[in-house]
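Notes for the one structure printed next.
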Amino acid sequence: MADAAITVEGAHKKYGDTQALSGLDLLVARGTVHGVLGPNGAGKTTLVRILSTLLRPDGGRVEVAGHDVLTEARQVRFRIGLLGQHAALDEELSGRQNLEMFGRLYHLGARHARVRAGELLARFGLADTGRKAVRHYSGGMRRRLDLAASLITDPEVLFLDEPTTGLDPRGRTEVWTAVRSLVGGGTTVLLTTQYLEEADQLADRVSVVDRGRVVADGTPDELKARAGGDRIDVVLRDAGQLGAAVALLPVPADGVSVDPDRRLLSAPVTDRMAALSGVVRALEAAGIEAEDIALRRPTLDEVFLDLTGGDERTKEAA
Amino acid sequence: MTTYETYKAIGGPGTRAWSDCWTMTRRELAHWARQPVQVLVGLVFPVMLLLMFGYLVGGGREVSGDYVDFLVPGMLVLTMAFGLEGTMLAVTQDLNKGVIDRFRSMPMANGAVLVGRSAADMLQSALGLAVMLAVGYAIGWRAHGGVAALLGAVGLLLLFRFAMLWIGIQLAMVAGRPELVQAVQILVWPVGFLSNAFATPESMPGWLGTAVQWNPMSQTATAVRDLFGNPGGEPGHLWAAVVWPLALLAVFFPLAVRRFGRLSR
């Protein structure tokens, strides 16, 4: 791809006995938001650290913004912004002091660094933090300042490593809003996450990573379709009626799972509203009492079980 | 969005390294401004040691003018040597902070973080020396060699501190974690006392005396005593007091910069 912002071909990285990346391939088009979705230990952070020149790959070709991360690390560093999993800020200094320091290190000049710091503080709702040291900030404020720090020079490529892990729902929404506002400015964003919903909300395309390799990629909708689409969960008052309920339901019989302990049956659906009203009507007509009925998206677990052959892994682990 | 277009990083490879070093020095000074008490404690501790050795270990009231003249230069060298601990601790703490990742993902001069650290530490050491000299003067110590010799002695002490500083930086990166730094810190003490800071090598068993004489610290102490015109000084140690720290720097400075560039890569 001529206009690729990120090109990774066969990247390998090993820490001692742990193979963190084993032949990972990735292609991210300029100006898009690309989600990297995977469980803990899948290699997401290793990938981000390699892309942001913090870590050397053992093998493979890695290019960011048209420059090789090994031989042209400095050129790459001029063009990227990094929001790591842990705040990359000087905790003893104020938000303004941090941003001015980073601005000077990008050689904006003292005056520009000051102006830019003021702009970013205002843009991320931190204008009134004054001299307060960053270690007294809340989690959400810290993340926003961290994001501001990674945007000082309007990077061509921005890496966000699990940007909302550990944040409360409000902080999460704040970060999502900030990321959305970047898109359209032409910035390419690579975002790692454990949350399917986050990838769904923010990313144009998603790569699912497992054990150091990409096991699937596509748009969020394509991936969810592969994971079996939406499901309906019905909890009955009486576990003895589960069998009867399965026979009655206006949903395809294959793919229905039954859990007697939780008095739960779960079935894939294609048309959400039709399935919901159909199930309610069928149960009512048969006089079967339901405690709870819920439509839900496939969970990340289900995506993984589906995409990575989770059954085999469960056996391995056992 | 229009204004952001103007904020592109400027400066090509290798340019403005000095600016990065200055920015990192300012960072350390900003830390001082936020923790003045910590800085103060750093200055007071060696003074406390000096008074303790002068009045308690040195024999209470019977401290003769001569022993103070012998002790003060020794304590100055010891203070410079123990600066290594502070440097190690600061570097280790810094390296375990997230902000280092941001520095390393930015196009800044390799080693500017370390240069900032060393500039701040040197400034603190210079301040510390001034305080120690003033307290020494107050308890009866005198320099008899003239202003040029006094400045020369201060120069030797700071050169020695500079060498200790880069050893500290390198050890901090090798040790990596604060727990291991403590172990190294404990070892600094016997090495510090295995010198002529408090006693002359002649008063020690033969093999120990030899080791003490070879300790770079002893070379600096002897040369400084000579320049101050204090007892225990011998002419002819000046070259060793210059060459030893330079040799240590020639080894540890490149090692430290190189290691910092390759951290966790």
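Values in this text are rule-based calculations from the coordinates and carry no lab data. Since we're looking at a predicted model, the values are computed, not measured. Using ideal geometry, Cβ is built from the backbone for each residue, glycine included, and neighbour counts are taken over all protein chains shown.
When you look at the Cβ of every residue in A:104-114, what mean number of other chain Cβ atoms sits within 10 Å? Kindly include the intermediate steps, with their values, before the conclusion.
Values: counts 9, 14, 8, 11, 6, 2, 2, 0, 3, 2, 0.
Averaged over the peptide's residues, the number is 5.
Given Cα pairs under 8 Å that are at least 6 residues apart, what percent is the relative contact order of chain A?
Values: 601 pairs, mean separation 60.3, N = 318.
Relative contact order for chain A comes out at 19 percent.
Label 7 Å along Cα→Cβ of B:L187; the stretch B:235-263 residues with amide nitrogen under 13 Å?
none
Between B:A130 and A:K14, how many nm apart are label points set 7 Å from Cα along the C-beta direction?
Using points 7 Å along Cα→Cβ, the separation is 5.6 nm.
To the nearest 0.05, what FRET efficiency results for B:L180 and A:R111 with a Förster distance of 56 Å applied to their C-beta separation?
Details: r = 43 Å, r/R0 = 0.77.
Calculated transfer efficiency: 0.80.
What is the stretch A:11-71 by shape, rounded, prolate or oblate, if you read a ≥ b ≥ c off the alpha carbon gyration tensor as root eigenvalues and call it rounded for a/c under 1.5, prolate for a/b larger than b/c, and oblate otherwise?
oblate
What is the log10 of I(q)/I(0) for the stretch A:75-126, computed with the Debye formula using one identical point scatterer on each Cα and no solvent, at q = 0.19, 0.26, 0.30, 0.31 Å⁻¹?
-0.70, -1.17, -1.24, -1.24
Other chains' Cβ within 10 Å of B:90-99 residues: what's the mean? Walk me through the intermediate numbers first.
Numbers: counts 0, 0, 0, 0, 1, 0, 0, 7, 9, 14.
Taking all residues of B:90-99 together, the mean is 3.
What is the helix-to-structure angle for A:139-149, meaning the angle in degrees between its Cα long axis and the longest Cα principal axis of chain A, kept from 0 to 90 and rounded to the nearest 10?
50 degrees
May I have the extent of the alpha carbons of the stretch A:230-296 along their three principal axes, as whole Å values ordered from largest to smallest?
Computed over the stretch A:230-296, the largest-to-smallest principal extents equal 28, 22, 18 Å.
Quick one, could you list the DSSP H helices from chain B stretching 30 Å or more along their long axis (Cα atoms) with average Kyte-Doolittle hydropathy of -1.0 or above?
Within chain B the helices that satisfy the rule are B:65-95, B:112-138, B:147-175, B:238-262.
Sorted by mean Cβ packing within 10 Å, highest first, what order do the peptides B:76-84, B:25-33 take?
Details: B:76-84: 25.4, B:25-33: 16.8.
Packing proxy ranking, top to bottom: B:76-84, B:25-33.
Below 8 Å between Cα atoms, with a sequence gap of 6+, how large is the relative contact order for chain B in percent? Kindly include the intermediate steps, with their values, before the conclusion.
Numbers: 292 pairs, mean separation 68.5, N = 265.
Contact order relative to length: 26 percent.
Kindly state, to the nearest 0.05, the FRET efficiency for B:A247 paired with A:L27, given R0 = 60 Å and r defined as their beta-carbon distance. Kindly include the intermediate steps, with their values, before the conclusion.
Numbers: r = 52 Å, r/R0 = 0.87.
Rounded to the nearest 0.05, the efficiency is 0.70.
Stokes-Einstein diffusion coefficient for chain A at 20 °C in a medium of 1.002 mPa s, Rh from the Kirkwood formula over Cα pairs: what value in µm²/s? Before the final figure, lay out the partial values.
Numbers: Rh = 22.0 Å.
Stokes-Einstein gives a translational diffusion coefficient of 98 µm²/s.
Summarise the partner chain shielding of A:87-100 as one whole number: the mean count of Cβ atoms from other chains within 10 Å of each residue's Cβ.
Values: counts 5, 10, 4, 10, 3, 8, 6, 2, 0, 0, 5, 3, 0, 3.
That average works out to 4.
Using helices alone, I'd like the mean residue ellipticity at 222 nm for chain A: each DSSP H run of four-plus residues gives -39500 (n - 2.57), total over residue count, nearest 500.
Numbers: 12 runs with 118 residues, N = 318.
Helix contribution divided over all residues of chain A: -11000 deg cm²/dmol.
Using Stokes-Einstein with the Kirkwood hydrodynamic radius over Cα pairs, what translational diffusion coefficient do you get for the stretch A:161-226 at 4 °C and a viscosity of 1.567 mPa s, in µm²/s rounded to a whole number?
Numbers: Rh = 12.8 Å.
After rounding, the answer is 101 µm²/s.
Any idea what Rg and Dmax come out to for the stretch A:111-186 if you just take the C-alpha atoms, in Å?
In order Rg, Dmax, the Cα atoms of the stretch A:111-186 give 12.4, 37 Å.
Just check the stretch A:39-169 against the gyration tensor rule for me: Cα atoms, a ≥ b ≥ c as the square roots of the eigenvalues, rounded for a/c under 1.5, and otherwise prolate or oblate depending on whether a/b exceeds b/c.
Note, shape of the stretch A:39-169 comes out oblate.
Note down the nm distance, to one decimal, between modelled labels 7 Å out along Cα→Cβ at A:D128 and at A:L70.
5.2 nm
Could you state the number of Å between the C-alpha centres of the stretch B:144-172 and the stretch A:125-162?
The two parts, judged by their Cα centres, are 41 Å apart.
When the Cα centres of the stretch A:41-56 and the stretch B:186-228 are compared, how far apart do they sit, in Å?
49 Å
Against the longest alpha carbon principal axis of chain A, how many degrees, from 0 to 90 and to the nearest 10, is the axis of helix A:95-105 turned?
60 degrees
What per residue convex hull volume, in Å³, do the alpha-carbon atoms of the stretch A:144-194 yield?
On the way: hull volume 3.6 nm³, N = 51.
Measuring per residue, one finds 70 Å³ for the Cα hull of the stretch A:144-194.
Which pairs break 30 Å Cα to Cα here: A:K44/A:K132; A:K44/B:K97; A:K132/B:K97; A:K224/B:K97? Display every interim value, and only then the final one.
Values: A:K44/A:K132 33 Å; A:K44/B:K97 20 Å; A:K132/B:K97 19 Å; A:K224/B:K97 38 Å.
Listed pairs above 30 Å: A:K44/A:K132; A:K224/B:K97.
How fast does chain B diffuse by Stokes-Einstein, in µm²/s, taking the Kirkwood radius from C-alpha pairs at 4 °C and 1.567 mPa s? Walk me through the numbers on the way to the answer.
Values: Rh = 19.9 Å.
Translational D for this selection: 65 µm²/s.
In percent, how large is the relative contact order of the stretch A:230-296, given Cα pairs closer than 8 Å and 6 or more residues apart?
Details: 111 pairs, mean separation 33.8, N = 67.
Reported relative contact order: 50 percent.
Taking the simple approach of a point 7 Å from Cα along Cα-to-Cβ for both B:M52 and B:W18, what is their distance in nm?
Each label point is offset 7 Å from its Cα along the Cβ direction, giving 4.3 nm.
With +1 on each Lys and Arg Cβ and -1 on each Asp and Glu Cβ, and nothing else charged, work out how big the dipole of the stretch B:16-262 is about its Cα centre, in Debye to the nearest 20. All intermediate terms of the calculation are to be shown ahead of the outcome.
Details: 16 positive and 13 negative charges, 211 e Å.
Once rounded to the nearest 20, the dipole reads 1020 debye.
Give me the mean projected area, in nm² to one decimal, of the convex hull enclosing the Cα positions of the protein assembly as shown.
Values: hull surface 142.1 nm².
Across all orientations, the protein assembly as shown yields a mean hull projection of 35.5 nm².
Can you tell me the length gained on complete extension of the stretch A:R262 to A:Q194, counting 0.36 nm per residue apart and subtracting the Cα distance?
On the way: separation 68, 0.36 × 68 = 24.48 nm, distance 2.66 nm.
Length gained between A:R262 and A:Q194: 21.8 nm.
Let a ≥ b ≥ c be the square roots of the eigenvalues of the Cα gyration tensor of the stretch B:126-221; is it rounded (a/c under 1.5), or, if not, prolate (a/b larger than b/c) or oblate? Spell out each step's value before the answer.
Numbers: a/c = 2.12, a/b = 1.31, b/c = 1.61.
Cα axes put the stretch B:126-221 in the oblate bin.
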